[in-house]
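Below is one structure, written out as C-alpha cells; the observations come after it.
Laboratory data are not the source of any read-out in this text; all were calculated from the coordinates shown. Because the structure is a prediction, the values reported are computed rather than measured. Every residue, glycine among them, receives a Cβ derived from its backbone with ideal geometry; neighbour counts consider all protein chains shown.
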Amino acid sequence: MDMLAVERLTKSFGGLIAVSDVSFEVPERRVTALIGPNGAGKTTLFNTISGIFAPDRGRVRFDGVDITGWSPHRITALGLGRTFQNVQLFQNLNTLENVAAARYCRTGSGLVDALLWRKRDRADRREMFGRAAELLDSVGLGDKRLLMPGELPYGDQRRLEIARALATEPTLLILDEPTAGMVAREAEEVVGLMRRLCASGVTLMLIEHNMNVVMSVSDKVVVLNFGRKIAEGTPAEIERNPDVIEAYLGRDE
Ligand SMILES: Nc1ncnc2c1ncn2[C@@H]1O[C@H](COP(=O)(O)OP(=O)(O)OP(=O)(O)O)[C@@H](O)[C@H]1O
Ligand SMILES: [Mg+2]
C-alpha cells in the first residue's frame with residue numbers, strides 16, 4: 001500500500017519549470033529518499049506536496065485522499081508532518097514550548113492559537129507539556145527543554161524541528177535535509193531516530209545530500225534533475241545508475 005502518490009506534478013515560477021511532470025509513490029512504513037543536485041526542484045516538490053504551493057498540473061494523493069490544492073494546515077491535520085530546509089522555530093519560545101505549541105496546532109489552528117496555550121486548563125496543559133517532553137526525549141533533547149532555540153547548536157535545532165513535526169502526530173513525515181550541517185556522529189543519531197520512527201509505524205520521506213545517510217536508511221530512492229525524475233529504485237540500483245552518476249558528476253567528455 002502506498003502512503004503517498006504523486007501524479008504528473010508540475011510547478012513553475014514564471015518561466016522556470018522547477019518541478020516537471022513528476023510521478024512516484026511512497027510506500028507505507030518505509031523510508032523514501034529524494035535526491036538530486038542543488039536546484040533540482042526537491043524542496044519545491046515537497047512544498048507542492050505539503051500545500052505551500054498549488055501545482056500547475058498533476059495530483060497528490062495522501063493515504064488515498066486527493067489533497068491537491070489543500071491548505072498546509074488541512075494537510076497537516078490529515079497526518080502529513082514536515083520540517084523545513086531553513087529551520088523554522090518560534091524564537092521567543094523555549095524548546096519545550098516550541099514542541100507544545102506545535103502540538104496545539106493538531107487541534108487548534110495557526111500561530112495565534114498556538115501561542116494561546118496559557119489559556120488552556122491545567123489538565124490540558126499537563127497533557128500537552130508531558131507529551132512535548134516525551135517527544136524531546138525521543139529526539140535526544142530531553143535535557144535542553146528550557147533552552148531557547150537560539151541557544152541550541154544547529155544540529156539540535158534540526159532535531160527540535162523533527163520533534164515539532166512529530167507533535168502533529170504524522171503518519172507521513174517529510175524531512176528536508178534533516179542532517180544538513182551535522183557532523184557524522186550527529187547524522188548517525190538522526191539515522192537511528194528515523195529507523196525508530198519507521199519501526200513505530202511512521203512513513204518517512206527525506207531530502208538528503210549525505211549519501212551515507214541515503215544508502216543506510218532508505219528503502220527507495222527517487223532522483224530529480226532539472227525538475228524531472230531521472231531515476232527511482234533501491235539504493236543499490238541508484239548507486240550504479242549511469243543517468244544518476246552523470247547528473248552528479250557531469251558528462252565525462
Ligand atoms: N519561491 C520561488 N520563487 C522562484 N523560484 C524558486 C522558488 N523556489 C525555488 N525556486 C527555483 O526553483 C528551482 C528549484 O529550487 P529548489 O529549492 O526546489 O531546489 P532543491 O532541489 O531543493 O535545491 P537544494 O538542494 O539547493 O535545496 C531553482 O532554480 C530555484 O531557484
Ligand atoms: Mg532544497
Subject >> Under-5 Å amide H pairs with Asp56, H placed in peptide plane, nonlocal only >> reply: Thr10, Lys11, Ser12
Original post:
So between Asp56 and Leu78, what do we pick up on full extension, going 0.36 nm a residue minus the alpha carbon distance?
Top reply: 5.7 nm
**OP:** Please list, in chain and number order, the residues 5+ apart from Asn225 or on another chain whose amide H is under 5 Å from its amide H, with Hs placed from the backbone.
**Re:** Ile230
**OP:** Apply the Karplus parameterisation 6.51 cos²θ - 1.76 cosθ + 1.60, with θ equal to phi minus 60°, to every residue of the range 153-166 and state each ³J(HN,Hα) to the nearest whole Hz, in sequence, with x for glycine and proline.
**Re:** x, 4, x, 5, 4, 5, 5, 5, 5, 5, 4, 4, 5, 5
Original post:
What is the local net charge at Val213, summed over the other residues whose Cβ is closer than 12 Å to its Cβ (Lys, Arg +1; Asp, Glu -1)?
Top reply: -4
Original post:
Residues with amide H under 5 Å of Met3's amide H, sequence separation 5 or more or different chain, H placed in the peptide plane at 1.01 Å from N; which?
Top reply: Val26, Glu28
**OP:** Pick out which of Ala163, Ala40, Ala100 has the largest mean-square fluctuation in a Gaussian network model of the chain, springs linking Cα atoms closer than 10 Å.
**Re:** Ala40
**OP:** For the range 26-35, take each phi angle, set θ = phi - 60°, evaluate the Karplus expression 6.51 cos²θ - 1.76 cosθ + 1.60, and give the result in whole Hz per residue in order, putting x for glycine and proline.
**Re:** 10, x, 4, 6, 10, 10, 10, 9, 10, 10
Original post:
Which loop GluC sites (Glu not before Pro) in the range 1-104, with loop taken from DSSP, have no more than 16 other Cβ atoms within 10 angstrom of their Cβ?
Top reply: Glu28
Original post:
Among Ala33, Ala77, Ala184, which one moves the most in a GNM of the chain with springs linking Cα atoms closer than 10 Å?
Top reply: Ala184
**OP:** Could you calculate, for the chain, the ratio of the Cα radius of gyration to the Kirkwood radius, expressed as Rg to Rh?
**Re:** 0.98
Original post:
Which residue, Arg196, Arg159, Arg228, has the most motion in a Gaussian network model of the chain that connects Cα atoms within less than 10 Å?
Top reply: Arg196
